[in-house]
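Contents: one structure, followed by commentary.
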Amino acid sequence: MKYVDFEMEDFVLDNSFQNYCLGNNHEDVVFWEDWIKRHPGKAEIFRLAKEVYISLNGNHNAEQFNADRIEFAKIAASHLSETSLNSPAEPIKLTNHAPLRKIALYGSVAAAIILGAFYFTKFGNFISTKSGLKHLPADQITKVSKQGERKSFQLPDGSIVMLNAESEIHIDKNFNTRTRELTLEGEAYFDVAHDASRPFIIHTNNMDVKVLGTIFNVKAYPGDKTTETSLIKGSVEISLHNKETGKILLHPNEKIVIPNTTDHIVTKNTDHTDIKPNATENSNKAEYKITGLTYNKNNDAITEVSWTKNRLAFNNCSFETIAKDLERWYNVKISFRSEEVKAYKFTATFDQKNIERVLEALQLSRYFNYTITNNNNITISE
Amino acid sequence: MLNKESHIITWKQFREGNKDALLSLYNEHYVGLMNYGSKVIFNREIVKDSITQVLLRLWDHRSALPDVDNVRSYLLTTLRRELLSEIKKENKRHTKYTEAGQNMPAEEKSYEDLIIQLQHNNELKQKLHSALLSLTNREKELLQLKFFEDLDYEEIAERCQISKRTVYNIIYRAIKTLKTILISAPRVSGIPEKILLGYILFILIQF
């Protein structure tokens with residue numbers, strides 16, 4: 001029977017049509033997308049057939065499947081490179097990576113889809129307790145998010161954590177016995193369950209944050225110039241690792257910013273331009289700044305935690321700083337050819353766009369050029 | 001090529017350390033594993049993470065893996081074990097709380113319950129519910145095998161000891177029944193056309 005004679009039932013039963021609905025066979029997807037364009041008269045039963053098939057298969061559609069597959073490909077790619085490093089007996093051939101990398105690249109283009117899916121995941125019901133895919137010492141649980149990835153999970157005490165891109169949390173095995181302590185490298189948003197008897201302490205390279213029950217955001221990327229804690233609700237107590245300062249109490253709607261000193265900086269995938277040894281010599285003295293949080297004029301959203309709502313927001317930030325966030329968010333590498341462009345300041349909010357849309361939007365405000373290579377390397381020039 | 005045959009080829013490549021086969025394995029078994037997992041524990045995020053965990057662990061032990069005839073059932077068994085230990089860990093952790101064991105269903109949900117729950121569109125949910133009521137058990141069983149467990153017609157025929165043609169016909173009939181119910185729901189208000197026509201005729205006759 002020819003496809004033009006197909007009834008709705010015939011579509012549902014057709015394997016190639018099922019592959020198209022699920023998006024798991026490229027040829028079928030291309031074929032059916034083209035076919036339905038050429039047969040607009042069939043649009044209604046085509047749509048119904050798709051709806052019926054997806055209802056019957058447990059609501060798996062192409063969008064969700066692709067997002068999951070990309071996520072899997074990313075995790076697999078990093079798992080493969082980790083295990084290869086651990087077993088030198090099996091050298092990695094770069095060419096073998098090519099298909100994975102292709103999917104990873106496709107992944108960043110489809111970031112919008114992943115973000116969309118993420119947005120609809122109520123983070124309360126994601127009670128994962130897995131110790132990640134790394135092989136770790138038994139006395140710690142580690143949560144890792146890769147570049148371009150955000151994760152949310154619940155801690156054993158009921159507190160909720162959202163982990164921004166390229167961040168790591170190490171949870172002590174004694175967590176929730178006498179205290180609740182964890183170590184953070186990167187950025188995370190915490191909604192801490194109230195429990196006065198067990199103080200909740202977050203250790204970062206340059207500051208510790210102690211809380212009883214509250215909502216706040218800690219940004220402590222080793223490669224960044226500063227470490228910040230922004231308080232949304234409740235109160236937190238900050239102790240800087242610098243001994244000269246006592247404890248600092250933060251009030252709601254305040255944020256504390258401290259410079260990252262060189263001796264604490266772990267040089268992990270940062271570009272050298274970011275760390276200037278001479279410039280930070282003075283910062284060994286207790287030096288911190290408490291400011292108010294910044295609000296987006298249009299929707300009252302707080303800039304510091306906009307990432308938890310899938311938005312990237314910047315308030316009068318240098319392009320250099322923005323580039324750091326973009327790298328983590330979109331899983332790309334950005335380098336500057338021009339010091340002048342690097343210093344451009346932008347105030348902007350982006351939601352769920354791909355990196356090129358973001359750069360194009362920035363270009364509307366200030367003039368610059370950019371090129372993207374296959375490996376997701378972006379070069380920005382005048 | 002039959003699903004089963006391509007599964008065996010992928011499995012062989014996977015055991016030999018072919019990285020593409022790792023992704024193929026995910027693609028080939030995604031629907032089957034996700035749905036099977038949802039029956040064990042009704043939380044897709046946990047199921048999805050467990051599938052990743054299982055596949056990567058199998059990859060790490062690929063040289064020690066057996067040569068299996070039925071790749072799907074091998075994977076299902078492995079996933080089940082993973083999910084059960086996940087539930088156990090979870091319950092141990094939450095014994096203090098009242099919601100303990102909330103992830104552990106007393107018994108596995110039926111296919112009808114699952115696809116109705118997984119449907120987000122409320123209108124469709126209702127319609128699906130009434131539509132499924134009018135199917136025979138055999139029809140529902142085959143719909144489940146074909147679409148939810150993602151088996152192909154040959155495998156279903158083999159499993160149910162009927163011909164491939166019969167499998168096809170039963171599913172065809174089931175979908176026809178579903179279609180009638182799914183599209184028959186009244187779109188406009190109450191009065192069916194026939195009665196309306198009758199009224200108009202009646203009024204005309206009066207004149």
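Here are the numbers for this structure:
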{"quantity": "At least 20 Å² of accessible area lost relative to the chain alone, listed for the range B:1-44 with a 1.4 Å probe", "calculated": "B:Lys19, B:Asp20, B:Leu22, B:Leu23, B:Tyr26, B:Asn27, B:Tyr30, B:Val31, B:Asn43, B:Arg44"}
{"quantity": "Per-residue mean of C-beta atoms belonging to partner chains within 10 Å, peptide A:312-322", "calculated": "0"}
{"quantity": "Translational diffusion coefficient (Stokes-Einstein; Kirkwood radius from C-alpha pairs) of the range B:1-158 at 4 °C, 1.567 mPa s, in µm²/s", "calculated": "75"}
{"quantity": "Distance in nm between pseudo-label sites at A:Tyr3 and B:Ile9 (7 Å out along the Cβ direction from Cα)", "calculated": "2.3"}
{"quantity": "A/B buried area, accessible surface, summed, 1.4 Å probe, Å²", "calculated": "4900"}
{"quantity": "Shielding of A:49-55 by partner chains, average beta-carbon count, 10 Å", "calculated": "5"}
{"quantity": "Restricting the range A:1-72 to trypsin sites (Lys or Arg not before Pro) in coil, as DSSP defines it, with at most 14 other Cβ within 10 Å", "calculated": "A:Lys2"}
{"quantity": "Approximate spin-label separation A:Asn253-A:Asn369, in nm, with each point projected 7 Å along Cα-to-Cβ", "calculated": "4.7"}
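The values are calculated or read from the model by the stated rules, or taken from the named source; none is laboratory data. Everything numeric here is computed off the predicted structure, so don't read it as measured data. We place every Cβ from the backbone using ideal geometry, glycine too, and count neighbours over all the protein chains shown. Areas reflect the complete protein model, heavy atoms only, side chains present, ligands, DNA and RNA absent. Shrake-Rupley method; radii C 1.70, N 1.55, O 1.52, S 1.80 Å.
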